[in-house]
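The values are calculated or read from the model by the stated rules, or taken from the named source; none is laboratory data. Quantities reported herein were computed from a predicted structural model and do not represent experimental measurements. We place every Cβ from the backbone using ideal geometry, glycine too, and count neighbours over all the protein chains shown. The accessibility values were calculated without ligands, DNA or RNA, using every heavy atom of the protein model including side chains. Shrake-Rupley method; radii C 1.70, N 1.55, O 1.52, S 1.80 Å.
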Amino acid sequence: MTRAKMLILTAVCFVASSLSATRAWCAANEGQSDLDKAIELQVSAQSLSDLEKVAKLCESALKKGLDGDNQGFAKQLMSSTLYQRAAQLCEPIFEQSPPDRRWPLLRQVALQDLERSIQVNPQFGDAHLLIARLHALPQGDASRGAKAADAAVKLFADNNKQRAAALVLRGGFCEKPEDQLKDYGSAIEADAGNADAWQARALVHLEQGQTEQAIADFDGLLKQDQDNFKARLALSEALLNLDRMDEALPHIEKAIELKPDSPLGYTLRARAKVLKEDIDGALTDLDEAIKLEPRDLPALVIRARLYAIQGNVSAAKDDVERVLLISPGLPQGVLLRSLILAEEGRLSDAIADVESLLKQDPKNIPWRLQLGGYFIRDRRPSRALEIFASILSEDKDNTAARHARADTLLSVGKHREAIADFEILVKQEPDESSVLNNFAWVLATSPDDSLRDGRRAVDLATKACEVTEYKKAHILSTLAAAYAEIGDFETARKWSAKAVEVGAGTEDVDDQLKKELESYEQKKPWRERQTIDEKADPVQPRRSDFEA
């Protein structure tokens, strides 16, 4: 082969090789045009629709083909654009008060964008974090939210602020309080200025009955943010629950100062005034709260209760009707209506109301106890005893049910059974004056010789008097009966006379106490066995409403 032919052949091979490389390069960058368009549109994007077009162009570019560097850039651009679009969709949810009523739909669309974003870029921490926030909203997917929050915690290992935010979200998805407290504690360690972490941990402490720890956390939160309105109110409520009113009030006043147009501060101050027995002052604050927000259910419920306490049944009815108009079937409203009906003597209607609540929540113990109380007032103690026995079969340590049953057994003359319950109660509640008093009374006055125990009755009644500072007429009366039972009529007369003096002014009580004193003056111990004429259950249930 001649040298010329060899040169030509070499040239042809070079050209062929170059063409092959060019074709390969072109094939690997067929998506370049779409990527260029995406970049250009991203710069000028004005709407959610524009951002979606950017994402689709990036997606198209990746499918058509890009070289290594451009491929990475396209993925980053697509992921960040989808996140930007989702963040804008979330503004009416998180930045608007109240949130846009279409927020469930906005969340759905935003989540679709975010899932596409992390599919392209699994290391995008902000996208995981926003997914967790959206699932933390009502009706969110707790499992998906927890997974996203966990991913964010790991991805933000070197960013304390973002990691703390992710930990707070992850804690919110935890089912066990100890796991929640662990995440919230870690969030505070990562970022002591994270108010959400302090508040979340404080609320868990409150739910667990750890009030002192909750107060410490709220104090920590307020050191970070003195003007945190919600923290002021939450701290105030925690202090009120500990009867530390003097400490709570300055925080309530500060909350009202921070937001004078919010009903929350006035309602909480009303609660504090109720505890101080300032009913008129509480009503004034509740009036202000309801003036600011006429549909404020907590304020309306509390005001209705206070009106009922004052005997202003008409005003109480008006508020209850407003409550049930705003929220038909609201348990607090129905229960309050039952209380008013009971005060009016319409016990069948009151019973019907509580029974309607128990259809929704058959195991609710406070409602069952309330129903039992209504049955007692309606002269149907056997029905009440069935309820109390049912509660105790489920929880033998329920002191409220046992106390109610012991008193009911005493009221129907079943002394032996009552004493059995009192024996348990006096161990559970050794300083409860009503337990001490009623137990002492049956031991001192039962007509059944085998049940009386005068010495023990004296001990129990003396302790009951000490607990109540010798200021309760009926307990002084019990102490007198106990001394009469052991034959010490001089001491019996002394305490009986004191009971008459303290109880003067209440006609029925006054007469009873005077009869007891007369008995001791005649050196006769007092004997008593109460009985109730059992009322038959009504054949037809009555309506439960406020109609006359």
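When you check LEU111 against the structure, is it open to solvent by less than 70 Å² (accessible area, probe 1.4 Å), under 44 Å from the mean Cα position of the chain (by Cα) and under 19 Å from ALA166 (Cα atoms), yes or no?
Judged against the criteria, LEU111 is a match.
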Inset, instruction - Kindly list, by first and then second residue, each pair from a residue in segment 507-526 that is of a type in the set (Val, Ile, Thr) to a residue that is open to solvent by 100 Å² or more (accessible area, probe 1.4 Å), limited to pairs with Cβ atoms under 9 Å and residues at least 6 apart or on different chains. - result: VAL509/HIS474
Legend entry - Verdict on LEU409 being more than 29 Å from LEU324 (Cα to Cα), open to solvent by 10 Å² or more (accessible area, probe 1.4 Å) and in contact with a helix residue (DSSP H, G or I) (Cβ under 7 Å, 6 or more places away or on another chain): yes
Inset, instruction - Within segment 478-498, track down each residue that is open to solvent by 40 Å² or more (accessible area, probe 1.4 Å) and over 51 Å from the mean Cα position of the chain (by Cα). - result: ILE486, GLY487, ASP488, GLU490, ARG493
Inset, instruction - Could you check how many residues of segment 191-221 are part of a loop (DSSP other than H, G, I, E, B), open to solvent by less than 30 Å² (accessible area, probe 1.4 Å) and at pLDDT 85 or above? - result: 1
Legend entry - The listed residue being part of a helix (DSSP H, G or I), open to solvent by less than 20 Å² (accessible area, probe 1.4 Å), out of contact with any Phe, Trp or Tyr (no Cβ under 7 Å at 6 or more places or on another chain) and not aromatic (Phe, Trp, Tyr), out of ALA401, ALA457, ALA420, ALA384: ALA457
Inset, instruction - Output yes when any residue across segment 90-103 is among the charged types (D, E, K, R), within 21 Å of SER49 (Cβ to Cβ), crowded, with 18+ Cβ neighbours inside 10 Å and out of contact with any Lys or Arg (no Cβ under 8 Å at 6 or more places or on another chain), and no when none is. - result: no
Inset, instruction - Spot the failing condition for LYS154; the list is (1) closer than 30 Å to ALA270 by Cα; (2) surrounded by fewer than 21 Cβ atoms within 10 Å (Cβ to Cβ), and only one is missed. - result: (1)
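Please go through segment 445-454 and pick out each residue that is surrounded by fewer than 16 Cβ atoms within 10 Å (Cβ to Cβ) and without any contact (Cβ under 8 Å) to a residue 24 or more places away in the chain.
Result: ASP449, SER450.
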Inset, instruction - Kindly indicate the residue of segment 257-278 that is hydrophobic (A, V, I, L, M, F, W, C) and open to solvent by less than 20 Å² (accessible area, probe 1.4 Å) and also farthest from LEU222 (Cα to Cα) among those meeting that condition. - result: ALA270
Inset, instruction - Test PHE439 against the criterion of being among the aromatic types (Phe, Trp, Tyr), assigned to a helix (DSSP H, G or I) and either under 23 Å from ALA499 (Cβ atoms) or touching a Cys at 6+ places or on another chain (Cβ under 9 Å) (or both), and give yes or no. - result: yes
Legend entry - Residue, modelled with the lowest pLDDT, within segment 511-537, restricted to residues that are assigned to a helix (DSSP H, G or I) and surrounded by 14 or more Cβ atoms within 10 Å (Cβ to Cβ): GLN512
Legend entry - Qualifying residues in segment 460-493 (those that are free of Cβ contacts under 8 Å to residues at least 12 places away in the same chain and assigned to a helix (DSSP H, G or I)) - the one farthest from TRP441 (Cα to Cα): GLU490
Legend entry - helices (runs of 4 or more DSSP H) wholly inside segment 249-367 that include at least 2 residues being more than 30 Å from LEU392 (Cα to Cα): 263-275, 279-292, 297-310, 313-326
Inset, instruction - Test SER338 against the criterion of being closer than 23 Å to ILE391 by Cα, over 21 Å from the mean Cα position of the chain (by Cα), surrounded by fewer than 19 Cβ atoms within 10 Å (Cβ to Cβ) and polar (S, T, N, Q), and give yes or no. - result: no
Inset, instruction - Give the residues of segment 222-244 that are within 19 Å of LEU306 (Cβ to Cβ) and open to solvent by less than 40 Å² (accessible area, probe 1.4 Å), sorted by residue number. - result: LEU240
Inset, instruction - Have a look at ALA234, ALA238, ALA195, ALA200 and point out the one that is touching a Gly at 6+ places or on another chain (Cβ under 7 Å), small (Gly, Ala, Ser) and farther than 23 Å from ASP319 by Cβ. - result: ALA200
Inset, instruction - Hey, can you tell me all the residues within segment 144-168 that are under 24 Å from the mean Cα position of the chain (by Cα) and more than 13 Å from ASP126 (Cβ to Cβ)? - result: GLY145, ALA146, LEU167, VAL168
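If you check LEU137, LEU106, which single one turns out to be buried (at least 18 other Cβ atoms within 10 Å of the Cβ) and either within 30 Å of LEU57 (Cα to Cα) or within 21 Å of the chain's Cα centre (by Cα) (or both)?
Only one candidate passes the filter, namely LEU106.
Condition check ((1) open to solvent by less than 20 Å² (accessible area, probe 1.4 Å); (2) in a helix (DSSP H, G or I); (3) touching a Cys at 6+ places or on another chain (Cβ under 7 Å)) across all residues:
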position	(1), (2), (3)
GLN42	no, yes, no
GLN46	no, no, no
LEU51	yes, yes, no
VAL54	yes, yes, no
LEU62	no, yes, no
LEU66	yes, no, no
ALA74	yes, yes, yes
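Look at LEU330 and say whether it is open to solvent by less than 40 Å² (accessible area, probe 1.4 Å) and under 26 Å from ASP243 (Cβ atoms).
no
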Legend entry - Members of segment 164-222 that are touching a Leu at 6+ places or on another chain (Cβ under 9 Å), of a type in the set (Gly, Ala, Ser) and closer than 17 Å to ALA136 by Cβ: ALA165, ALA166, GLY171, ALA187, ALA195, ALA197
